[in-house]
Amino acid sequence: MTEPSDDHPKPTDDRPGSGLSGPISARLATAADGAAVGEIHAASWGAAYAPMFPEDVAREGIESRKTRWHKRLASGEGLVMIGFVGDRPLAMSWSVPSETRPEFAEIYSFYTHPDGWGSGVSAALMTSTLQQLRADGFDRVHLWTLRDTPQSRRFYTKVGFTETGATQTRDFGDGNPLPQVEYELAGQGGA
């Protein structure tokens, strides 16, 4: 085998998450994490959802996600958690008591920065989020995700959620509602 050199560089792995190192961890987000949570949300939303919208709507969607978290974290609105690989924040979740399903928590936002895709930080954050929700008295959790996002749907199934069969549409501000599907996790199972 040839050793890496200028003529024969070391092969690289360009998969997202492949160049990250350090322990994976998660914790409650604080008001000081507003910029990091916003960057995670904006980068993930931009990569996964922006292509579904007109350019101006996508641009506004990305920008608004960068700035909304400072106020939300300062007010203590819901449970916000943040996941790390080493010291780098790469995943975030936001959960609230469900407005539509009594005794359920709703994971309203769950996003991983594209640099963290495939690193394991998403699964670790989901585990920590579910543990914290159980500690807060929620044994049952549900969430909605866009129907046409197979990556997120595979992830939720992998960590123990099941599709309920319920659907709804959501308008993200462009007057073109997109279909969503509901997933739930009941009891102590899951990630």
Those residues of the range 126-137 that are loosely packed, with under 13 Cβ neighbours inside 10 Å and at negative phi come to a total of 2
The correct count of residues that are of a type in the set (G, A, S) and surrounded by 15 or more Cβ atoms within 10 Å (Cβ to Cβ) in the range 74-90 is 2
Among strands (runs of 3 or more DSSP E) entirely within the range 138-188, at least 2 residues that are surrounded by 12 or more Cβ atoms within 10 Å (Cβ to Cβ) and without any contact (Cβ under 8 Å) to a residue 24 or more places away in the chain occur in 162-170
So, first residue closer than 22 Å to G175 by Cα and surrounded by 15 or more Cβ atoms within 10 Å (Cβ to Cβ) in the range 53-73, second residue of a type in the set (D, E, K, R) and at pLDDT below 90, Cβ within less than 7 Å, six or more apart or across chains; the pairs are F53/D174; V57/D174
For this session: Inspect the range 61-78 for any residue being of a type in the set (A, V, I, L, M), within 17 Å of the chain's Cα centre (by Cα) and either outside any helix (DSSP H, G or I) or closer than 20 Å to R153 by Cα (or both) and give the result as yes or no.
Result: no
Residue pairs within 8 Å by beta carbon, gap of at least six or interchain, first lying in the range 120-137 and of a type in the set (D, E), second surrounded by 23 or more Cβ atoms within 10 Å (Cβ to Cβ), listed first then second, are D136/A105
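The values are calculated or read from the model by the stated rules, or taken from the named source; none is laboratory data. Because the structure is a prediction, the values reported are computed rather than measured. Virtual Cβ from ideal backbone geometry, glycine too; neighbours counted across all protein chains shown.
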